[in-house]
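Reading through the C-alpha cells given below for one structure.
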C-alpha cells in the first residue's frame, strides 16, 4: 500500500508505503519527506516510484495498492496522461 501527501502551502510532501504479508500483517514500513511536488498526483507518483525502488530490495512484489483514483487511471491508460510521460 502506498500513499503520498500534499498541501499547496507546505514546503515538503510526504510518502509512505507499507508491505503486508498475505494475511494482512505489516512486514515493513517506509516514510520520507521530499520537496513539495507540483500537485497531489505528482506526490502519489513519487510515492509509487519510491515504493517500487524499495520493494526491489526486499521482495519480488508485483502488486501495489493506492487510494488515488488518478494514479490508478494513469497506470491503466498512460497515453491519456501525456504530461506524466516522463514520470
Practice task
Subtract the Cα-Cα distance of residue 33 and residue 57 from 0.36 nm times their separation in residues, and report this length gain in nm to one decimal.
Solution key: 6.6 nm
Exercise for the section: For the chain, go through all pairs of different Cα atoms, get the mean of 1/r, take its inverse, and jot down that Kirkwood value in Å. Expected result: 13.6 Å
Handout entry: Relative contact order (%) - criterion: Cα under 8 Å, at least six apart; region: the chain
Key = 28 percent
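Going by average Cβ density within 10 Å per residue, which order do the peptides 73-82, 20-29 take, highest to lowest?
Working: 73-82: 11.4, 20-29: 8.9.
Put in order of decreasing packing, that is 73-82, 20-29.
Counting other C-beta atoms within 10 Å, which of 64, 84 has the fewest, and how do the rest follow?
Working: 64 17, 84 14.
With the sparsest Cβ surroundings first, the list reads 84, 64.
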Practice task
Any chance you could give the angle, 0 to 90 degrees and rounded to 10, that helix 40-58 forms with the longest Cα principal axis of the chain?
Solution key: 30 degrees
Problem - Contour excess over end-to-end distance, with Cα ends at residue 21 and residue 86 and 0.36 nm allotted per residue - result: 20.2 nm
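Read the figures in this text as sums done on the coordinates, not as results from a lab. These numbers were taken from a predicted model, which means no experiment stands behind them. Quick reminder, even Gly has a Cβ in these numbers, built from the backbone with ideal geometry, and neighbours come from all protein chains shown.
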